[in-house]
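All of the numbers you see were taken from the coordinates with simple rules; none came from a lab. Everything numeric in this text was worked out from a predicted model, so none of it was measured. In this analysis, Cβ positions are derived from the backbone assuming ideal geometry, glycine residues included, and neighbour counts consider all displayed protein chains.
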Amino acid sequence: MSGILPTDYTAAVPTFGENLRAERKAQRMSQTELARRLGHANNSTISKWETEAVLPEPETIKLVAKALNELPPGRLLVGVPTPWDALRFGADLVRQSPGTASAPHQGRADVPASAQARIHELATENEDLKNRIAAVEEAAARIFTIIADYKDRRVTESKTRRGRRRRKTG
């Protein structure tokens, strides 16, 4: 069961906005300065990106990375599952139909191969755990049946003994 998190555990998953804010602040750059470098009149778009109100298009992410002193675009997407995972791997940007995939992905285009592998691994572990739970439930049901039979026998024996005592005394 290694690798399984408790059910009440919620991991903080990085977002594009969090990554953008962290990279911008690491470079001591204001939202206004980044907006100016991107040719925006004010910082409202940068604010929307950082608060997750909007996710920019892939080409815009490349421009943002360039405005952040030639930062690799993938740095803004570290840990972020997006429809634009091709940026993370330096692949050419190609618009894909929903449900289609291109290298390096297999399966859904918006899910990285490493995540798909982990999902498959967890699904397999989940099935194994379900089977184990079913076996434990079955064993518990057998134990309860045995206990109930034992209690029934004890009650029957107790009634039989009482009946014998009454006959002897009566």
For this session: Could you calculate the FRET efficiency of Val54 with His120 from 1/(1 + (r/R0)^6), where r is the beta carbon distance between them and R0 is 35 Å, rounded to 0.05?
Result: 0.65
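Please compute the net charge surrounding Arg154, taking Lys and Arg as +1 and Asp and Glu as -1 over other residues with Cβ under 13 Å from its Cβ.
+2
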Exercise. For Arg75 and Ile133, what does the FRET efficiency come to when R0 = 41 Å and r is the distance between their Cβ atoms, rounded to the nearest 0.05?
Worked result: 0.45
For this session: Multiply the residue separation of Glu18 and Arg162 by 0.36 nm, subtract the distance between their alpha-carbon atoms, and state the gained length in nm to one decimal.
Result: 44.1 nm
Exercise. For Lys66, which lysines qualify as cross-link partners when the Cα separation must be under 18 Å and same-chain residues fewer than eight apart are set aside?
Worked result: Lys25
Seminar exercise, completed: Length gained, Lys151-Asn43, 0.36 nm per residue minus C-alpha separation, equals 31.3 nm
For this session: Quote to one decimal, in nm, the extra length available between Ala26 and Arg142 on full extension: 0.36 nm per residue of separation minus the C-alpha distance between them.
Result: 35.6 nm
Seminar exercise, completed: When the charge dipole of the stretch 119-170 is computed with +1 on Lys and Arg Cβ and -1 on Asp and Glu Cβ about the Cα centre, the Cα farthest towards its positive end, among Asn131, Val155, Ile143, belongs to Val155
